Amino acid sequence: MALSQSSALTMSQPDAAAKAARDKLLKDNNINPRTGLATDYLNHFNEAIMLLEMIPDMPECAEDFLSWRPLTYRQHFEASNLKARELTIEAYEQAEVALKAEFDRVIGSMRDILVAVSEGMRSTRQGTTRIRLATEAIGWIQPLLAMAGALIHGVSDGTDIDSIMES
């Protein structure tokens, strides 16, 4: 009995070492090893938010916002210059199904809001309407962005700062 327990223990050591090495590789490339997701993707949405935030003070930024296009996780990383983009895509594809589904749902909501706001801005040339759309959209997107960040970091509501900082 002791021999079989020892063999089982020895067999799991290479697996543990491989997992530790993979976790380090993921972490070194800004991918959360627990979730398989990377915060870099949120920069794509932060860009849209930044443009929306500029519209009240510089209405001409509406045109820059209108040129922004949503990208899927895969599209974002395929278009990036990150050296570990294939690893980032692979980790996402291997993420837990329920987590990835929830993450994609939140991202889809952000995308839908930004597309609707873009369509609204295209249908009007009135600066006050565009400013109002931009301001409202920021209020709708920021909580969703926080939710997406929490999912990336493996925390339930985004308020567990210690957990985020340890990721």
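The values are calculated or read from the model by the stated rules, or taken from the named source; none is laboratory data. Computed from a predicted model, the values in this text were never measured in an experiment. Virtual Cβ from ideal backbone geometry, glycine too; neighbours counted across all protein chains shown. Ligands, DNA and RNA are stripped out before the accessible areas are found, and what is left, the full protein with its side chains, is counted by its heavy atoms. Shrake-Rupley method; radii C 1.70, N 1.55, O 1.52, S 1.80 Å.
Restricting Thr72, Thr88 to those that are over 17 Å from Cys61 (Cα atoms), open to solvent by 50 Å² or more (accessible area, probe 1.4 Å) and under 16 Å from the mean Cα position of the chain (by Cα) reduces the list to Thr72.
Could you list, in sequence order, the residues of the stretch 91-127 that are over 21 Å from Gly139 (Cα atoms) and open to solvent by less than 70 Å² (accessible area, probe 1.4 Å)? If the condition is that a residue be over 21 Å from Gly139 (Cα atoms) and open to solvent by less than 70 Å² (accessible area, probe 1.4 Å), then Ala91, Tyr92, Ala95, Ala98, Leu99, Lys100, Ala101 are the ones that fit. Screening Glu102, Glu136, Glu90 for residues that are under 17 Å from Asn29 (Cα atoms), at pLDDT 95 or above and assigned to a helix (DSSP H, G or I) leaves exactly one candidate, Glu90. Just one of (1) buried (at least 18 other Cβ atoms within 10 Å of the Cβ); (2) small (Gly, Ala, Ser); (3) over 30 Å from Thr35 (Cα atoms) fails for Ala137. It is (3).
Of the set (1) outside any helix (DSSP H, G or I); (2) surrounded by fewer than 16 Cβ atoms within 10 Å (Cβ to Cβ), all apply to Gly36 but (2).
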